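The values are calculated or read from the model by the stated rules, or taken from the named source; none is laboratory data. Computed from a predicted model, the values in this text were never measured in an experiment. In this analysis, Cβ positions are derived from the backbone assuming ideal geometry, glycine residues included, and neighbour counts consider all displayed protein chains.
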Amino acid sequence: MVFDKMGASDSYSYSFKLVKDEWWISFATIFVIGIILYIAALAFSIPTVVYQWLKMGIFSGEMDAESVFDMTTDPIYILFNIIGTVAQFLLNLISIISLALIYFNLNEKKNFTGTFERIESLGKTTEE
């Protein structure tokens, strides 16, 4: 829709034409990228979870039960949460970029726009 300046219905039908013969490899690529990004997002949420567990276990005897679970005023918890949220937003950019690369790959295979030839000619001199 954005790259070819089409309407919503035109781009939807064009996407079916692009993916027609390459459906399984496109699905597998998107699936693998999704799994990788999910694991990376989990990795950024681990410090928050570990901090919650430590706070519940270590400080549970020193405070009343209600204040242990009040994480909204804890600056360390808020910092971990902000870092995790920013990282997840940046990971969303990776998924958008990968979908754009999949689109350009499929578009090149179907329409022969010359991108493969331009990539192969990079770095070559006119003498070769």
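A compact table of results
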{"quantity": "Answer residue from the stretch 89-107, given it is at pLDDT 90 or above and of a type in the set (S, T, N, Q) and is farthest from Val19 (Cα to Cα) among those", "calculated": "Asn92"}
{"quantity": "Any hit, the stretch 49-57, residues being on the phi < 0 side of the Ramachandran plot, surrounded by 12 or more Cβ atoms within 10 Å (Cβ to Cβ) and small (Gly, Ala, Ser)", "calculated": "no"}
